[in-house]
Amino acid sequence: MHLPKAELHLHIEGTLEPELAFALAARNGVDLPYADTEELRTAYLFDDLQSFLDLYYALMAVLRTEEDFAELADAYLARAAAQGVRHAEIFFDPQAHTDRGVPIGTVIEGLGRALDRSEETHGISTQLIMCFLRDKSAESALETLEAAKPYLHRISAVGLDSAEVGHPPAKFREVYAAATALGLRKVAHAGEEGPPEYIREALDVLGVERIDHGLRCMEDAELVDRLVSERIPLTLCPLSNVRLRAIDVLEQHPLRSMMDAGLLCTVNSDDPAYFGGYVGDTFHAVHEALGLDQEQLRTLARNSFEAAFLDHDEERRARYLSEVEAYAFD
Ligand code: HPA
Ligand code: ZN
């Protein structure tokens with residue numbers, strides 16, 4: 001679906017398509033435990049977040065050089081452009097690479113190479129959001145922020161991802177305070193598999209401005225009221241929720257009731273190479289499965305630009321919003 005939109009919840013490592021994984025494996029002499037792309041795709045049946053993360057981290061072994069990261073990002077941007085994305089705020093997981101001996105500079109400069117030419121090549125403005133892996137220690141997160149200091153001009157925000165349950169936001173109080181002092185914006189995954197309390201904690205302890213997922217807020221009416229009145233954006237990922245079995249089928253996704261409740265919902269792809277679709281496909285899927293009409297889809301697109309970190313460039317936000325209003329569905 002070509003409706004103009006911003007993508008605000010996208011893990012660049014989750015855009016690694018099987019074909020690129022095998023090409024990079026061959027180039028870098030990395031052995032993958034799958035015969036071919038077809039066999040690899042058979043591994044894409046997940047029971048929960050952890051079963052996905054195991055494969056997600058394993059496949060990253062093929063990413064080694066700046067050029068690899070540049071190719072990965074460029075391939076995503078090309079696909080996103082073809083689905084109407086005009087602005088992308090892209091997550092990356094530095095610890096998943098530094099733990100394998102790939103320097104953080106290789107990751108950031110490689111991604112940066114693709115992002116620098118994105119507006120010209122793909123018509124997409126971009127930002128980078130550096131995520132901490134919450135199943136690693138708070139010290140490791142602090143070391144990562146320290147290691148990123150030479151590259152802060154390329155990073156607009158910090159985030160928190162990986163295995164949620166048992167790793168509450170408060171564990172990362174210190175590193176989020178340090179990120180704030182450095183002028184970075186803040187988001188965090190919360191309420192994907194974890195309880196509503198983690199959403200509250202991300203707001204109150206970490207001071208995040210957007211909640212990634214936030215699906216489970218619906219179990220807590222008081223929290224919903226707060227998210228509505230404070231206009232906290234939620235970056236929902238409906239196809240991810242189905243594939244990771246947070247919900248059984250897309251028809252049961254609460255997106256429609258969340259919008260009806262007044263929540264500032266956005267729709268995103270999370271890890272599109274793994275979850276069966278890029279963000280335009282996701283818009284199409286919620287249209288089909290939940291019967292969202294064209295005006296509701298337009299609202300989701302409008303929300304995505306409202307929730308974007310474009311405060312330094314309101315002119316651009318206004319331009320994107322006018323593209324949403326002008327869009328004619330076919
Ligand atoms: N949740 C948490 N961590 C992640 C995800 C996700 O959906 N995708 C990549 N890392
Ligand atoms: Zn995510």
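Listed by first and then second residue, the pairs linking a residue in the range 3-21 that is within 14 Å of Leu32 (Cα to Cα) to a residue that is open to solvent by less than 10 Å² (accessible area, probe 1.4 Å) and away from ligand 1 (no atom under 16 Å from the Cβ), with Cβ atoms under 6 Å apart and 6 or more places separating them unless they lie on different chains, are Pro18/Leu40; Ala21/Val62.
Regarding the range 232-247, can at least one residue be identified that is open to solvent by 40 Å² or more (accessible area, probe 1.4 Å) and at negative phi? Looking through the range 232-247, at least one residue is open to solvent by 40 Å² or more (accessible area, probe 1.4 Å) and at negative phi. The number of residues in the range 120-132 being buried (at least 16 other Cβ atoms within 10 Å of the Cβ) and out of contact with any Pro (no Cβ under 9 Å at 6 or more places or on another chain) comes to 7. Residue-level analysis places Asp99 among those that are at pLDDT 95 or above, out of contact with any Lys or Arg (no Cβ under 7 Å at 6 or more places or on another chain) and open to solvent by 10 Å² or more (accessible area, probe 1.4 Å). Please work out if Glu251 is away from ligand 1 (no atom under 15 Å from the Cβ), open to solvent by 30 Å² or more (accessible area, probe 1.4 Å) and not basic (Lys, Arg). Yes.
Scanning the range 165-192 for residues that are within 16 Å of ligand 2 (Cβ to nearest atom) and more than 16 Å from Gln95 (Cβ to Cβ), we see that the one that is surrounded by the most Cβ atoms within 10 Å (Cβ to Cβ) is Ala190. Screening the range 16-30 for residues that are assigned to a loop (DSSP other than H, G, I, E, B) and closer than 12 Å to Met60 by Cα and picking the one that is least open to solvent (accessible area, probe 1.4 Å) gives Leu16. Pick from the range 255-306 the residues that are among the charged types (D, E, K, R) and open to solvent by less than 10 Å² (accessible area, probe 1.4 Å): which of them is nearest to ligand 2 (Cβ to nearest atom)? The selected residue is Asp270.
The values are calculated or read from the model by the stated rules, or taken from the named source; none is laboratory data. Note that the coordinates shown come from a computational prediction; the quantities given were computed from them, not determined experimentally. Please note: Cβ atoms are built from the backbone with ideal geometry, for glycine as well, and neighbour counts cover all protein chains shown. Just so you know, the surface numbers come from the protein's heavy atoms only, side chains and all, with ligands and any DNA or RNA stripped out. Shrake-Rupley method; radii C 1.70, N 1.55, O 1.52, S 1.80 Å.
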